[in-house]
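Accompanying notes for the structure given below.
No value in this document is a laboratory result; all are computed from the given coordinates. Nothing here was measured: the structure is a model prediction, and the numbers come from that model. Cβ placement follows ideal geometry from the backbone for every residue including glycine, while neighbour counts extend to all protein chains displayed.
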Amino acid sequence: MRYLVVLLALAVRAHAAPAPIHVTYDSAHLDLDKHVLQFKPSRAVTEATLTAIGEDGSELGTGSASYTDAKPDWLAISWTQPANTKLMMLKLRVAAADGVATNVQLVPWSVAVDHEDVNFSTDSAALEPTEAKKLDASLAKIQDVVGHAEKFMKVQLYIAGHTDTVGPSPKNRKLSLDRAVAIARYFKSKGLAVPIAVAGFGEDVLKVKTADNTDERANRRADYVIGPAAGTPPFGGAYLKAKASWKQLK
């Protein structure tokens, strides 16, 4: 009976389904200018295809690649894309020699909304009545981008608050968050329906470089960026180094 159990176990193992393919990717391995994506499969793959989708939902271009290295590692695939077009989504299909394949959608799309900065008084997160015109103009631009993008995906608005270098750094972190919240609540009160995430970067991402304890109005500001609702905040560089915590507006 013991031998029978062993033989049955071996038979089950021999007919087990092939392992699925999991794909790892991140923004550090995506070059939008050169149209090259690097991805890391969980096991060896032999081929990949890529389709680039534009902001209007149309196909911008495609790419394909074959791989012979049996060891899973970061693999590259490029795609074609016409000049002066903006990428919204990449559809990646990866396949192994045993026929197993997986499909992944990557959304590197985001829009930094160009706007006139709200002016805050020193050590204040209060929105002055004179700033309403600027906020309303920004909201109109945000609504326009949201209305277009929501045809293809759920989106979220990210608001990053900033201060100048007057005052201690911990206090400025809180002040910048309060400014982001004040703007977010204004947009909500005016009918913006998409989720809003806020973060305070204090004096760590200055627009104008200054010495400490310098009153600089240009640094008392906020950034508005629209990105996919699912995924990481679309901020890099100095923003990542600052390590601010994003919070959902309630």
> Cα axis of helix 132-149 to longest principal axis of the chain: angle in degrees, 0 to 90, nearest 10?
Replying inline: 20
> Using alpha carbons only, how many degrees (0 to 90, rounded to 10) separate the axis of helix 2-14 from the longest principal axis of the chain?
Replying inline: 60
>> Order 19-27, 158-166, 173-181 from most to least packed using the mean count of other Cβ atoms within 10 Å.
In response: 158-166, 173-181, 19-27
> Where Lys and Arg each count +1 and Asp and Glu each count -1, what net charge lies around Val104 among other residues with Cβ under 13 Å from its Cβ?
Replying inline: +2
>> Students often forget the sequence filter, so: which lysines lie under 24 Å Cα-Cα from Lys34 once same-chain residues fewer than 8 apart are removed?
In response: Lys86, Lys91
> Taking the structure as given and computing mean projected area of the Cα convex hull in nm², which label from (1) 27.2; (2) 19.5; (3) 22.1 fits?
Replying inline: (2)
>> For Lys151, give me every one of the aspartates and glutamates with a C-alpha distance below 14 angstrom, ignoring sequence neighbours fewer than eight places off in its own chain.
In response: Glu55, Asp56
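With +1 on each Lys and Arg Cβ and -1 on each Asp and Glu Cβ, how big is the dipole of the range 111-248 about its Cα centre, in debye rounded to the nearest 20? Let's see the in-between values first.
Working: 20 positive and 17 negative charges, 93 e Å.
It works out to roughly 440 debye.
Given Cα pairs under 8 Å that are at least 6 residues apart, what percent is the relative contact order of the chain?
On the way: 481 pairs, mean separation 40.0, N = 250.
For the chain, the relative contact order is 16 percent.
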>> On C-alpha positions alone, give me the angle between the axis of helix 169-189 and the longest principal axis of the chain, in degrees, nearest 10.
In response: 90
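In the structure displayed, which of Lys174/Lys207; Lys190/Lys247; Lys133/Lys241; Lys190/Lys243 lie more than 27 Å apart, Cα to Cα? Display every interim value, and only then the final one.
Working: Lys174/Lys207 18 Å; Lys190/Lys247 20 Å; Lys133/Lys241 33 Å; Lys190/Lys243 30 Å.
Flagged as over cut-off: Lys133/Lys241; Lys190/Lys243.
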